[in-house]
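The structure under discussion appears below in the form of structure tokens.
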Amino acid sequence: MTGTTSYAIVESGGKQYRAEKGASLVVEHLSADEGAKVSLRAVMYRGDTEVVLEGDQLEKVKVEAVVAEHLRGPKLRVFKYKPKKGYRRRAGHRQELTRLEVTDVRLLTRKPAARKPAARKPVAKKPAAKAKPAAKKPAPRKPAAKGKTQTKPKASTARPSSSAKKD
């Protein structure tokens, strides 16, 4: 093959896409603003002479893109229906999407330096609040009453028989 270009398989939103320089990808919504640069995670890279699949080598793969626009996908109509029950429900859904323009796909010669976490500002401790009194324990239970308890006999709920009817 002559004039092969390098490409990478990248992951975004749980899906994989083929990214080449100059390609346009429509991925699930990213929170970046329009015109912002985003870096995509490569899961495979193919150059003119090499193929990279291992994790430590994939860290050298750099895939950069620019957010071109935010858009919405086609409307999907959801219709729920249960026969003979009079149950019908209609709903619609449009997926939020982001169009990316891939600006760079390349394999670096060495692994990029790990970013240092942002320096944390010391947090001033709040003065200790007043100690709350200990929770009260419930009162001890009294022992059961001694002796027999009397129960009332239950009233009969039976219907009078038909022979007991008076004329």
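Take the stretch 93-114 and flag every residue that is more than 26 Å from residue 31 (Cα to Cα) and open to solvent by 70 Å² or more (accessible area, probe 1.4 Å).
109, 110, 111
With (1) at pLDDT 95 or above; (2) surrounded by 13 or more Cβ atoms within 10 Å (Cβ to Cβ) as the list, and residue 62 as the residue in question, which single condition is left unmet? Condition (1) is where residue 62 drops out.
What do you reckon, is residue 53 closer than 23 Å to residue 108 by Cα and of a type in the set (A, V, I, L, M)?
Values: closer than 23 Å to residue 108 by Cα: yes; of a type in the set (A, V, I, L, M): yes.
When the stated conditions are applied, residue 53 passes them.
Quick check on the stretch 60-69. Is at least one of its residues assigned to a loop (DSSP other than H, G, I, E, B) and without any contact (Cβ under 8 Å) to a residue 60 or more places away in the chain? Yes - at least one qualifying residue is present in the stretch 60-69.
Out of 72, 90, 41, I need the residue that is within 28 Å of residue 22 (Cα to Cα), of a type in the set (Lys, Arg), open to solvent by 100 Å² or more (accessible area, probe 1.4 Å) and at pLDDT 95 or above. Which one? Break it down stepwise before answering.
Details: 90 fails: within 28 Å of residue 22 (Cα to Cα); 41 fails: at pLDDT 95 or above.
Within the list 72, 90, 41, the selection yields 72.
Considering 90, 41, the condition of being within 18 Å of residue 111 (Cβ to Cβ) and basic (Lys, Arg) is satisfied by 41 alone.
The values are calculated or read from the model by the stated rules, or taken from the named source; none is laboratory data. As the structure is a prediction and not an experimental result, all values here were calculated from the model. Glycine gets a Cβ as well: all are built from the backbone with ideal geometry, and neighbour counts include every protein chain shown. These area figures cover heavy atoms from the full protein model, side chains too; ligands, DNA and RNA do not enter into them. Shrake-Rupley method; radii C 1.70, N 1.55, O 1.52, S 1.80 Å.
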